[in-house]
2 protein chains.
Amino acid sequence: MNVIEIDTVSNEGSATQRAYQLLRHMIVTGDLKPGEKLKIDGLRQRLDIGASPIREALSLLTSDNLVERIDQRGFRTAEISSDNFEEILMLRCTLEDLALRESIEKSDEAWEEKIVLSHHRMQRAKDSKSDTFEQLHKDFHMALLANAASPILLKFCSQLYDLNIRYRFLAGNALNYQRRDVGDEHKGILDAAIARDVDTASERLLNHYKMTGAFLAGLLGSGSLT
Amino acid sequence: MNVIEIDTVSNEGSATQRAYQLLRHMIVTGDLKPGEKLKIDGLRQRLDIGASPIREALSLLTSDNLVERIDQRGFRTAEISSDNFEEILMLRCTLEDLALRESIEKSDEAWEEKIVLSHHRMQRAKDSKSDTFEQLHKDFHMALLANAASPILLKFCSQLYDLNIRYRFLAGNALNYQRRDVGDEHKGILDAAIARDVDTASERLLNHYKMTGAFLAGLLGSGSLT
DNA sequence: GATGAGAAAAACATCGATTTTTCAGGTTAT
DNA sequence: ATAACCTGAAAAATCGATGTTTTTCTCATC
């Protein structure tokens, strides 16, 4: 048993997990374009992972709505459309509202400390590489909901978050995103959550989504993404 | 369009699709018990399908929350618990309410005809083999929602339906289920939907779920399923 | 009688090769 | 000119074999 950790990132976990993470990242960030055909052989070479793990990873992504599987005809990345975007936005508002209320209702000190911490980490990374910021941004939003004792609901929220962020990346993320006063919005949500003010927190959270949503919907409508 | 028996699935489509359908059926009906280890080799022999398609099918089922994957340690069916059941019930009520309202709002004659037809088919199969009835029962419920132009929402509803029906099967489905006046409840929902009476339809639908839910929650609480 | 090391067995994960299916282009018949 | 029909290349799906990890079992030791 040789414990030789040469390449921590690329060699830990199963090949399937690695393929899943890599592919998801590539799709969400737009590295693989909407509707693009995903040829097994091409990906096999590009990721240096065998066909079976790639196939399994793509099957997993299918259920995340990031990949479509066409029987006997392979896989392709999910298409984008303004209808699709609006549905995601609508569902996020409904489900995150639900989750946030439950999360705050069950709140305790440990949870409070976690959201403060993840907010701080996100703030600190405001100007760093967008990948890092985006991860911390997701962490913050999921931390807000994390106290809801509803695993399925949280899974839905996480999926919808990724579907949504994909549109943001496709629109050229950081550029326009951090220009609005998102910092203030996050602080506002955090404060209301700490104060256990459910209604205010929820209202601010949904507003936060709808603002970004309206902006992206504009882009989609104008056809600059298709 | 022909109403085909489920058994005809044996040779059509890809091996992965077959494995997926078969396994899902086996899990939902309780043929594979909650928490049971799913040994690839055993399933390979039992279904007469190679390991790769089975693996892929299990990956798909993982994202349906019917199977859990433990890295490097294989697959097992999802556990059951009363918490899990209550979450499913809660989410179904929220999401189906949403979908039903949108579906009725966008209603047209074609949709109206479809729900009448699927209701009739379900009624006709009331006394037949439970598998057939259950399929038509799901068809009816999904037909009610089908007009909602929200593919993701419908997918969530379908997933939650399967998660829920699993509990019904585990409780010894048909036995107690058809004893209550479920026929009347269905008719009531159908009538309200045809009349485009959104509030009544939604109220009846949710009641329909909560009645079954309360019964099953009782069983779960008493520990007769665990 | 409990414990823990180490070996054997089982099961998982992955790869390479083979089979099956689809797709594109050109050909023939109407 | 168009539609139906081949045909070969490309890709997907699947199988069988192989390498690794986990689990089980044995047996000596405390």
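The values are calculated or read from the model by the stated rules, or taken from the named source; none is laboratory data. All values reported here derive from a predicted model rather than from experimental measurement. Using ideal geometry, Cβ is built from the backbone for each residue, glycine included, and neighbour counts are taken over all protein chains shown.
Within the stretch B:56-84, which residues are charged (D, E, K, R), within 9 Å of DNA strand D (Cβ to nearest atom) and part of a helix (DSSP H, G or I)?
Taking the stretch B:56-84 and keeping what is charged (D, E, K, R), we get B:56, B:64, B:68-69, B:71, B:73, B:76, B:79, B:83.
Now drop any that are not within 9 Å of DNA strand D (Cβ to nearest atom), which leaves B:56, B:71, B:73.
Answer for the stretch B:56-84, where residues must be charged (D, E, K, R), within 9 Å of DNA strand D (Cβ to nearest atom) and part of a helix (DSSP H, G or I): just B:Glu56.
Tell me yes or no: at least one residue of the stretch B:20-31 is surrounded by 16 or more Cβ atoms within 10 Å (Cβ to Cβ), within 14 Å of DNA strand C (Cβ to nearest atom) and within 14 Å of chain A (Cβ to nearest Cβ).
Among the residues of the stretch B:20-31, at least one is surrounded by 16 or more Cβ atoms within 10 Å (Cβ to Cβ), within 14 Å of DNA strand C (Cβ to nearest atom) and within 14 Å of chain A (Cβ to nearest Cβ), which makes the answer yes.
Only residues in the stretch A:87-113 that are under 11 Å from A:Cys157 (Cβ atoms) count as the first member; pair them with residues that are modelled with pLDDT under 95 and of a type in the set (Asp, Glu), Cβ under 9 angstrom, at least 6 apart or cross-chain, and list the lot.
none
What about A:Lys126, is it at pLDDT below 95 and either over 30 Å from A:Ser202 (Cα atoms) or more than 16 Å from DNA strand C (Cβ to nearest atom) (or both)? Steps first, answer last, please.
Details: at pLDDT below 95: yes; either over 30 Å from A:Ser202 (Cα atoms) or more than 16 Å from DNA strand C (Cβ to nearest atom) (or both): yes.
So A:Lys126 fits the description; yes.
Any residue at all in the stretch B:55-63 that is among the basic types (Lys, Arg) and within 9 Å of chain A (Cβ to nearest Cβ)?
Step one: filter the stretch B:55-63 for residues among the basic types (Lys, Arg), giving B:55.
Next, from what is left, pick out any that are within 9 Å of chain A (Cβ to nearest Cβ): B:55.
The answer is yes; a qualifying residue exists.
Of the conditions (1) within 13 Å of DNA strand C (Cβ to nearest atom); (2) within 14 Å of another protein chain (Cβ to nearest Cβ); (3) modelled with pLDDT under 95, A:Asp48 satisfies every one except a single condition; which number is it?
(2)
Would you check if A:Ala110 is at pLDDT 95 or above, more than 23 Å from A:Leu219 (Cβ to Cβ) and more than 11 Å from chain B (Cβ to nearest Cβ)? Reasoning before the result, please.
Working: at pLDDT 95 or above: yes; more than 23 Å from A:Leu219 (Cβ to Cβ): yes; more than 11 Å from chain B (Cβ to nearest Cβ): yes.
Yes: the conditions hold for A:Ala110.
Could you identify the single residue in B:Leu145, B:Leu206, B:Leu163 that is more than 23 Å from B:Ile80 (Cβ to Cβ) and modelled with pLDDT of 95 or more? Even if it seems obvious, please write down each step before you answer.
Working: B:Leu206 fails: more than 23 Å from B:Ile80 (Cβ to Cβ); B:Leu163 fails: more than 23 Å from B:Ile80 (Cβ to Cβ).
After ruling out the rest, the residue left standing is B:Leu145.
Condition check: closer than 27 Å to A:Ala217 by Cβ and within 14 Å of chain B (Cβ to nearest Cβ). Does A:Leu95 satisfy that? Even if it seems obvious, please write down each step before you answer.
Values: closer than 27 Å to A:Ala217 by Cβ: yes; within 14 Å of chain B (Cβ to nearest Cβ): yes.
Spelling it out, A:Leu95 is indeed closer than 27 Å to A:Ala217 by Cβ and within 14 Å of chain B (Cβ to nearest Cβ).
Among B:Ala148, B:Ala143, B:Ala171, which is aliphatic (A, V, I, L, M) and within 14 Å of chain A (Cβ to nearest Cβ)? Please lay out each step first, then the result.
Details: B:Ala143 fails: within 14 Å of chain A (Cβ to nearest Cβ); B:Ala171 fails: within 14 Å of chain A (Cβ to nearest Cβ).
Criteria check complete, one pass: B:Ala148.
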